[in-house]
Amino acid sequence: MRIAILSCFYPYRGGISQFNTWLLKELSKRHDVKAFNFKRQYPGILFPGKTQKVSSDDTAVPVESVSLLDTANPLTYRRTAKAIAAFRPDVLLTRYWMSYFAPSLGSVCGKTASLLKKQGFGESGKFRTVAIADNIIPHERHFFDIPLAKYFIKRQSGIVTLSHSVEEQLQQLCPGVRSTTIPHPLYSNFGERTDTLQARKQLGFKGTDNDILDRKVLLFFGLIRDYKGLDLLLEAFPILDRSYTLIVAGEPYGNFEKYRQIIDSERFAPVRDNLILVDRYIPDSEVKTYFSAADLSVLPYRSATQSGISSISWNFDVPLVTTPVGGLVESVGKAGTGMLTDGITPQAVAAAVEKYFAENKKEEYLYNISRLKKELGWEAFAAKLEDFINTL
């Protein structure tokens, strides 16, 4: 097949770009694949982080792509569609994770299909538009999310979701749309787990080697957004005894003030020295240090579909404690790769963390993680994606 992928690629940073890179590499082993990139992904005023691009010292994998689509400039939509149509793909793959992208990506999909039909290509149904959807309705909702999502979905031959909860949401919104669920593959591009003691020393742990290794280390990793519930974890931390260390590593998307108020509060004072806060984007080269230092990855999300953080955790053999929301129920609770909290409160998060260490089920969780690693490779994901495309 000839496959065009329209989404963000290097030099854009983050999980979506990384996912696209590894999918491109896998599909390219068997197909003729071309990457079409954003010329501008977001206008600066809409981007909550510090920068959309990788830094010069990042180890992100470069990808050859054609940068054409400016999401805020409709004049680029037809130009992008013409370039994709000139490639004459059998399939146009896009990524969908928030409604902001619906007008631009939906328009390009529709225009590409129209251009190819005029050229006599695709009249027999050979040209297909397929979206890989992280979310259908975003976590932080707006009144325009549903109409924009419907606009985009109507221009797709089929939708691939990364969790069953998202597929259910999709079918409720657009009953009968062709869809399938293929679980999020593991991110193996960050390397292998390194020595725990050395990783903790790199992050500033003090004391004797035995003291450092005896710490119970919790990790909250990734972009800090309201729905991810970092405030719940910070409020839970003083409930735990002083044998715990909490690492918070990630760039705030939005105002960090409410988290700062918790950290500066009198109640948090007894455990403040046990907090390691790195409030910046973590480049690929540093990721393994944080996960190698951790005993447990904590995802106290208020809402979730699936999480790339869980995939990174599994890659580094780190079990999880998560709240019982969305796709995390199936990927963590039902899969036995960690423990679900009894609720979405600081008390429930603290209780689950304490239970994890008290029950000593680490070996059971690691066994289940090892099984998942065999199932959730990029080769398996690409093969299931190809099978779905062939049904359309």
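Observations on the structure shown:
- Diffusion of the chain by Stokes-Einstein, at 4 °C in a medium of 1.567 mPa s and with Rh set to the Kirkwood radius over alpha-carbon pairs, works out to 59 µm²/s.
- With the simple model of a label 7 Å out from the Cα in the direction of the Cβ, K25 to A269 spans 5.0 nm.
- Among L203, L162, L24, L75, a tally of other beta-carbon atoms within 10 Å of each Cβ gives an order, fewest to most, of L75, L203, L24, L162.
- Of G254, A269, G377, farthest towards positive along the dipole that unit charges on Lys, Arg, Asp, Glu beta carbons give the stretch 247-392: A269
- Karplus (6.51, -1.76, 1.60) ³J(HN,Hα), θ = phi - 60°, over the stretch 334-339, in Hz, Gly and Pro reported as x: 5, 7, x, 9, x, 10
- Relative compactness, the stretch 196-375, computed as alpha-carbon Rg over 2.2 N^0.38 Å: 0.96
- Taking amide hydrogens as placed 1.01 Å from N in the peptide plane, the amide H of T245 sits under 5 Å from those of K216, V217, L218, each at least 5 positions away in sequence or on another chain.
- Total charge dipole magnitude, the stretch 196-375, about the Cα centre, Cβ charges on Lys, Arg, Asp, Glu only, Debye to nearest 20: 220 debye
- Applying a threshold of 22 Å to the alpha-carbon distances of K201/K258; K82/K118; K117/K154; K216/K362; K82/K150 flags K201/K258; K82/K150 as lying beyond it.
- The Cα center of the stretch 206-251 and the Cα center of the stretch 313-392 differ in position by 19 Å.
- Taking the DSSP beta bridges with both ends in the chain, the antiparallel portion is around 0 percent.
- Gaussian network model of the chain, Cα within-10 Å springs - most flexible of N360, N189, N368: N360
- Nitroxide proxy distance, nm - points 7 Å out along Cα→Cβ at T180 and E386: 1.2 nm
- Amide H partners (placed H, <5 Å) of G338, local residues excluded: L320
- Looking at the stretch 211-281, the trypsin sites (Lys or Arg not before Pro) that sit in a DSSP loop and have at most 13 other Cβ atoms within 10 Å of their own Cβ are R242, R267, R280.
- When K334, K361, K373 are sorted by how many other C-beta atoms sit within 10 angstrom of their C-beta, beginning with the fewest, the order is K334, K373, K361.
- Free of any GluC sites (Glu not before Pro) that DSSP assigns to a loop and that have at most 14 other C-beta atoms within 10 Å, the longest stretch within the chain is 267-392.
- Residues of type aspartates and glutamates that K228 reaches as a straight line, Cα spacing below 17 Å, ignoring anything fewer than 8 places off in the same chain: D134, E140, E251, E257, D279, D342
- S114, S243 arranged by Cβ crowding within 10 Å, fewest neighbours leading: S243, S114
- Within a Gaussian network of the chain (alpha carbon springs, distance under 10 Å), most fluctuating of I84, I263, I132: I263
- Simple rule: put +1 on each Lys or Arg Cβ and -1 on each Asp or Glu Cβ in the stretch 196-375, find the dipole, and look at Q202, L232, T245; the Cα lying farthest toward the positive end is Q202.
- Springs between Cα atoms under 10 Å define the GNM used for the chain, and in it the highest mean-square fluctuation of T161, T71, T208 occurs at T208.
The numbers here are math on the coordinates, done by the rules we state, and not lab data. Just so we're clear, the structure is a prediction, and the values are computed from it rather than from any experiment. Here the Cβ is made from the backbone with ideal geometry for all residues, glycine too, and neighbour counts use every protein chain on show.
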